[in-house]
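Here is the structure we will look at.
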Amino acid sequence: MDPRAGVTPSIRNFAHAIDRQRKALERIPLLDVTRPDLVEAARALDEAEAAALALALAPGVDLAPLAAVARAVSIPVLRADFLAEEFRIYESRSAGADAVLLRASALPPELLARLVQAATSTHMAACVACANAAEITRAGAARAPVVVLDHSDLHLPVPPRTLVLVRSFSAEARGRADAALDPGLTDAASFRRALEEEDR
């Protein structure tokens with residue numbers, strides 16, 4: 001059976017949502033999918049004008065929490081656990097994901113390019129985690145719209161028009177990245193406080 005069957009393209013653009021052209025650091029709440037109030041928290045963060053949400057699923061966990069959040073919000077949703085198979089891309093989109101996370105070190109160049117293309121074909125953003133300049137080059141060659149870096153790697157050059165997402169928030173990433181995953185933003189109140197910090 002074709003894994004693409006019945007998959008509808010995303011209409012929520014994750015890359016566009018986080019693109020602040022390094023003028024500010026967009027903080028993306030990284031939510032625990034096991035929390036009992038997941039959907040309510042996601043909806044509140046959407047109403048508080050978060051740019052996007054990220055959900056990390058444990059291996060073997062079904063996609064019901066992701067699907068529930070995707071249905072409840074108007075902003076893009078990143079599936080923030082690492083994928084290594086093409087059918088997982090389509091599975092994620094079927095559940096409502098608007099972006100997926102790949103790891104350059106775990107994928108041969110040809111497979112990385114294929115997975116990025118699979119995401120692109122469904123209008124999802126492929127976010128490629130890189131740990132060195134060579135991996136960033138591979139992500140660029142695969143036309144990944146977003147690279148994911150640790151703070152220690154923010155000095156590395158990235159291809160033109162490629163967005164940078166930092167694995168975890170730190171003030172030092174301001175001006176050097178477009179967005180940061182932030183597990184500390186657990187509700188609308190914490191998100192609003194973060195916005196006030198960014199405006200100072």
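The values are calculated or read from the model by the stated rules, or taken from the named source; none is laboratory data. These numbers were taken from a predicted model, which means no experiment stands behind them. All Cβ positions, even for glycine, are placed from backbone atoms using ideal geometry, and neighbour counts span all protein chains on display. Protein only, heavy atoms only, side chains kept; ligands, DNA and RNA dropped before computing areas. Shrake-Rupley method; radii C 1.70, N 1.55, O 1.52, S 1.80 Å.
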Tabulated pairs, the range 78-107, first under 18 Å from LEU53 (Cβ atoms) and outside any strand (DSSP E or B), second open to solvent by less than 30 Å² (accessible area, probe 1.4 Å) and among the aromatic types (Phe, Trp, Tyr), C-beta under 7 angstrom, 6+ apart or interchain:
ASP98/PHE14
Does the range 113-121 include one or more residues that are farther than 21 Å from SER10 by Cα, under 15 Å from the mean Cα position of the chain (by Cα) and in contact (Cβ under 8 Å) with a residue 12 or more places away in the chain?
no
Go through (1) within 22 Å of LEU115 (Cβ to Cβ); (2) in contact (Cβ under 8 Å) with a residue 24 or more places away in the chain; (3) crowded, with 22+ Cβ neighbours inside 10 Å one by one and return the number of the condition VAL147 breaks.
(2)
Check whether at least one residue in the range 18-29 is part of a helix (DSSP H, G or I) and within 13 Å of SER92 (Cβ to Cβ), and report yes or no.
no
Screening ALA119, ALA95, ALA72, ALA52 for residues that are in contact with a Phe, Trp or Tyr (Cβ under 9 Å, 6 or more places away or on another chain) and of a type outside the set (Lys, Arg) leaves only ALA52
